[in-house]
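Heads up, the thing below is written out as structure tokens.
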Amino acid sequence: MDYKVKRAGTQNVLEMNLLDAPFPPVIEESEACMEQVMMAIRKARRVHRIVLVERRIREYDENQTNLLTEVALTAEKLILPEREVRPSGSPIGADWVEFTRKVPKAFMRDPIGTFTEVRRELTWQQIEQEREIYPQYKAIRKVYLKALEGLLGTMKELKLIKLVEPLLEGYKVGDRTIYRRVFRATVRPNFTFTKLLTQYPSGEEIDSYKVGESEVTIIQRPSQVRLFYHLIPPEFKLSEVEYELIERIKETLIAYKPKSEELVEPEATREAIHNIAVDMVKEDARDRRINLNVNKLADIITRETVGFGALEVLLSDDRIQDITINAPLVNPVFVYHADAEDCETNIYPTVEETLAWAARLRLLSGRPLDESNPVLDTQIEFGEVRARVAAITRSLSPFGLSFALRRHRARPWTLPLFIKHGMLTPLAAGLASFFVDGSRTMLVAGTRGAGKTSLLQSLMVEIMRRYRVITVEDTLELPVRYMMGLNYNIQSMKVQSPINPIESELTAAAGIRTSLRLGDSALIMGEVRSTEALALYEAMRVGALANVVAGTIHGDSPYGVYDRVVNDLGVPKTSFKATDIIMVANPIKSADGLHKVRRLVEIAEVRKHWEDDPLRENGFVQLMKYNAKRDLLEPTSVLMDGESEIINSIAGRVREWAGDFEEVWKNIELRARLKQRLVEVATATSRNELLEADFVVQANDWFHIMEDQVREEVGAAEPDEVFNRWERWLKSQL
């Protein structure tokens with residue numbers, strides 16, 4: 001068989017072309033394949049990885065290659081001269097010589113089976129030796145026994161034999177199942193770079209489901225604290241006809257020259273490639289008179305030419321929240337799963353693939369990624385999928401390219417959705433809605449992965465569609481396009497990244513000042529990171545922002561937010577008082593450390609009377625606080641007794657509420673009842689779409705409409721009447 005040894009970095013890679021091989025090109029499945037690989041190793045001598053090429057490319061890593069190399073080089077030591085098997089001139093032992101002559105060749109085809117046969121032969125000959133009645137035969141047999149013991153001793157020293165020896169009870173020679181427990185190649189079609197472990201690891205199946213045409217299985221492996229996410233994309237389940245067709249179409253599309261407008265709009269490029277692929281697949285199916293799944297094949301071709309390959313399949317799983325790919329590329333992809341939490345996957349990206357991803361990210365973002373600019377913050381969008389991407393390379397990452405992706409929901413989070421998932425309580429949702437309508441300045445704080453951006457999205461959905469919304473982000477994470485589809489008057493601004501600033505991009509501070517010239521608008525900051533904080537607080541202090549202002553910031557408490565804004569970002573202490581509300585979200589871990597849930601743990605207001613230190617001078621007052629024992633966000637006495645200065649400030653600007661906290665509280669409770677009712681109805685009817693932004697925005701609109709109608713008719717927005725009318729509307733929608 002043809003083979004060649006390639007140099008990859010510091011490693012020798014043995015590559016064998018088995019496209020026309022008369023046997024399965026899988027070492028663990030085929031004796032013939034194993035023998036051919038062993039023969040190539042004996043010639044090449046020093047090999048670190050083995051790659052078998054046919055329609056699918058199988059790669060065996062360094063550990064597995066070392067096992068095979070040791071076997072291949074040991075086979076030479078198993079060749080015994082006849083005199084070491086039986087004495088010269090002996091009338092017996094011809095069958096012994098024949099047995100030992102077959103051992104070296106058999107050992108390269110089936111080392112475990114050969115070891116078993118030699119061990120059984122030794123045991124049998126030892127029994128015969130005990131029964132031997134002729135002294136001269138005993139002496140001759142003793143020579144053979146010594147030869148067998150030598151063979152067995154040599155084999156026993158091999159790592160492969162040591163691995164499997166405890167598993168040999170009941171083993172039948174020729175059964176290749178045992179090899180599958182040792183050798184597990186990563187597999188990929190030869191039109192893609194992604195490698196997969198297609199075999200399932202041993203363990204208990206926890207869950208299984210489909211993502212489009214892909215199959216996902218969650219497995220609990222013995223003695224492992226991390227679950228295993230096993231993915232089989234459709235690329236790995238194609239027929240030979242489909243493989244050949246995709247290869248041919250992909251080669252044709254390499255010559256495709258996109259139009260200038262397609263380069264500006266990546267979705268246009270994807271659509272063009274997809275349409276071409278559809279036409280070519282249909283034409284081939286018609287010519288061959290066969291049935292083909294046209295859309296499945298066109299989707300594969302699209303993501304393997306202008307997309308991100310198997311990474312797109314992962315991102316299409318709406319249970320995936322985070323994806324990490326570490327350098328160097330010897331480890332699998334890791335994911336954070338909504339149900340299974342931290343998981344190892346069976347996906348192994350290659351250097352060629354990650355280089356292609358980096359080039360594509362540079363093209364889509366217009367930002368550099370090289371040794372002079374080793375960080376790239378950008379986003380991936382295709383169909384309804386949106387994800388934030390952080391890529392790093394040398395010189396920051398000494399081992400090369402590395403990626404971290406945060407997948408966003410296709411649709412914005414809503415407060416009712418958070419109630420259903422236990423992130424917050426109906427009362428907290430009602431209070432948040434009240435603050436949004438009250439045009440307050442709010443910061444959503446928390447650690448990484450706490451759900452800050454998701455919570456900010458839910459606050460955006462609470463903004464009435466009559467108002468304009470402006471978003472300011474350095475990496476586009478907020479659901480602006482989706483909200484445009486919901487008929488929001490919304491404008492997105494993309495500004496300079498503080499990590500890797502690009503001269504052609506406007507700074508975040510300049511973006512905020514520009515927003516003030518765009519008319520009365522709600523302002524949403526993707527994240528308060530750097531010097532833009534000065535411009536933001538300057539705008540808030542002079543009252544330039546007459547509507548709600550909200551953003552996210554890293555911090556685990558109100559004082560942590562203060563410390564970050566004042567001491568890290570340089571905002572004057574007095575300017576920080578322009579913050580009205582701080583909402584803190586954090587992950588809550590289980591006692592064993594194996595599980596975590598996201599919770600809103602605090603809603604606090606920032607009072608204005610303090611001079612130097614808000615913590616010492618009681619500048620932070622909790623309105624709601626998380627009770628870990630009950631796993632609930634509970635109201636404090638300050639909130640219940642009507643002592644919130646922010647709530648009273650909002651009430652002071654409304655004629656019906658001024659000086660009457662009871663009426664204000666009824667409004668907050670009414671908002672909480674509406675959110676809770678949505679959750680109850682959605683649960684009872686199994687219609688989760690009632691909790692999505694499309695319906696929640698309508699529900700919010702009708703709440704305001706009903707409130708205005710009741711106020712006009714009876715002189716006050718009587719909560720029970722508003723709720724009853726709103727509920728009748730809800731029933732009409734069902």
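Taking the conditions (1) free of Cβ contacts under 8 Å to residues at least 60 places away in the same chain; (2) surrounded by fewer than 17 Cβ atoms within 10 Å (Cβ to Cβ); (3) farther than 26 Å from Gly212 by Cβ; (4) hydrophobic (A, V, I, L, M, F, W, C) in turn, Leu369 satisfies each one other than (2). In this structure, does Val528 turn out to be open to solvent by less than 30 Å² (accessible area, probe 1.4 Å), within 26 Å of Asp613 (Cβ to Cβ) and modelled with pLDDT under 85? For Val528, the condition - open to solvent by less than 30 Å² (accessible area, probe 1.4 Å), within 26 Å of Asp613 (Cβ to Cβ) and modelled with pLDDT under 85 - is met.
Selection of the stretch 26-53 for residues being within 20 Å of Val351 (Cα to Cα) and assigned to a loop (DSSP other than H, G, I, E, B) yields Val47, His48. Please work out if Asp563 is modelled with pLDDT of 90 or more, surrounded by fewer than 16 Cβ atoms within 10 Å (Cβ to Cβ) and more than 18 Å from Ile646 (Cα to Cα). Here the answer is yes, as Asp563 does meet what is asked. Among all positions in the stretch 100-122, there is no residue which is modelled with pLDDT of 90 or more, touching a Pro at 6+ places or on another chain (Cβ under 6 Å) and over 30 Å from Arg248 (Cα atoms).
In the set (1) modelled with pLDDT under 90; (2) open to solvent by less than 30 Å² (accessible area, probe 1.4 Å), His48 fails one condition alone, (1). I'd like to know if the stretch 635-653 contains one or more residues that are open to solvent by 50 Å² or more (accessible area, probe 1.4 Å), touching a strand residue (DSSP E or B) at 6+ places or on another chain (Cβ under 9 Å) and touching a residue at least 40 places away in the same chain (Cβ under 8 Å). Yes: the stretch 635-653 contains one or more residues that are open to solvent by 50 Å² or more (accessible area, probe 1.4 Å), touching a strand residue (DSSP E or B) at 6+ places or on another chain (Cβ under 9 Å) and touching a residue at least 40 places away in the same chain (Cβ under 8 Å).
Could you say which residue among Arg406, Arg394, Arg388 is open to solvent by 40 Å² or more (accessible area, probe 1.4 Å) and not in a strand (DSSP E or B)?
Being open to solvent by 40 Å² or more (accessible area, probe 1.4 Å) and not in a strand (DSSP E or B) holds for just one of Arg406, Arg394, Arg388, which is Arg394.
Report yes if some residue within the stretch 491-505 is out of contact with any His (no Cβ under 8 Å at 6 or more places or on another chain), at pLDDT 90 or above and of a type in the set (A, V, I, L, M); otherwise report no. No, because not a single residue in the stretch 491-505 is out of contact with any His (no Cβ under 8 Å at 6 or more places or on another chain), at pLDDT 90 or above and of a type in the set (A, V, I, L, M).
Of the strands (runs of 3 or more DSSP E) lying entirely inside the stretch 419-496, those carrying at least 3 residues that are open to solvent by 20 Å² or more (accessible area, probe 1.4 Å) and without any contact (Cβ under 8 Å) to a residue 60 or more places away in the chain are 489-494. One residue is enough: does the stretch 277-291 have a residue meeting the conditions in a loop (DSSP other than H, G, I, E, B), over 30 Å from Gln224 (Cβ atoms) and polar (S, T, N, Q)? There is at least one residue in the stretch 277-291 that is in a loop (DSSP other than H, G, I, E, B), over 30 Å from Gln224 (Cβ atoms) and polar (S, T, N, Q). Please enumerate the residues belonging to the stretch 54-89 that are under 30 Å from Glu247 (Cβ atoms), of a type outside the set (D, E, K, R) and assigned to a helix (DSSP H, G or I). Residues satisfying the conditions are Gln64, Thr65, Leu68.
If the condition is being among the charged types (D, E, K, R), in a helix (DSSP H, G or I) and loosely packed, with under 15 Cβ neighbours inside 10 Å, then the stretch 326-366 contributes only Glu352. With respect to the conditions (1) touching a residue at least 60 places away in the same chain (Cβ under 8 Å); (2) among the hydroxyl-bearing types (Ser, Thr, Tyr); (3) surrounded by fewer than 19 Cβ atoms within 10 Å (Cβ to Cβ), Thr10 falls short on a single one, namely (1).
Regarding Ser208, is this residue open to solvent by 50 Å² or more (accessible area, probe 1.4 Å), of a type in the set (Gly, Ala, Ser) and under 24 Å from Glu28 (Cα atoms)? Taking the combined requirement at face value, the residue does not satisfy it.
Selection over the stretch 711-729 of residues that are assigned to a helix (DSSP H, G or I) and in contact with a Lys or Arg (Cβ under 7 Å, 6 or more places away or on another chain) gives a count of 3. Here Ala684 meets each of (1) of a type in the set (A, V, I, L, M); (2) open to solvent by 70 Å² or more (accessible area, probe 1.4 Å); (3) under 21 Å from Ser637 (Cα atoms) with one exception, condition (3).
The residues listed here are Leu196, Leu253, Leu245, Leu231; of these, the one that is buried (at least 16 other Cβ atoms within 10 Å of the Cβ) and at pLDDT 90 or above is Leu231.
Table: residues versus (1) over 49 Å from the mean Cα position of the chain (by Cα); (2) closer than 25 Å to Glu31 by Cα; (3) part of a helix (DSSP H, G or I).
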position: Pro91; (1), (2), (3): yes, no, no
position: Thr100; (1), (2), (3): yes, yes, yes
position: Thr116; (1), (2), (3): no, yes, yes
position: Trp124; (1), (2), (3): yes, no, yes
position: Tyr171; (1), (2), (3): no, yes, no
position: Arg184; (1), (2), (3): no, yes, no
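Restricting the search to the stretch 61-107, which residues are closer than 15 Å to Met38 by Cα, open to solvent by less than 10 Å² (accessible area, probe 1.4 Å) and not β-branched (Val, Ile, Thr)? Leu68, Ala72, Ala75, Leu78, Phe107 - these are the residues of the stretch 61-107 that are closer than 15 Å to Met38 by Cα, open to solvent by less than 10 Å² (accessible area, probe 1.4 Å) and not β-branched (Val, Ile, Thr).
Among the residues of the stretch 292-307, the ones that are open to solvent by 10 Å² or more (accessible area, probe 1.4 Å) and part of a loop (DSSP other than H, G, I, E, B) come to 3 in all.
The values are calculated or read from the model by the stated rules, or taken from the named source; none is laboratory data. A quick note: this is a predicted structure, and the numbers were derived from the prediction, not measured. Here the Cβ is made from the backbone with ideal geometry for all residues, glycine too, and neighbour counts use every protein chain on show. Each accessible area value is taken on the protein alone, full model and side chains, heavy atoms only, with ligands, DNA and RNA left out. Shrake-Rupley method; radii C 1.70, N 1.55, O 1.52, S 1.80 Å.
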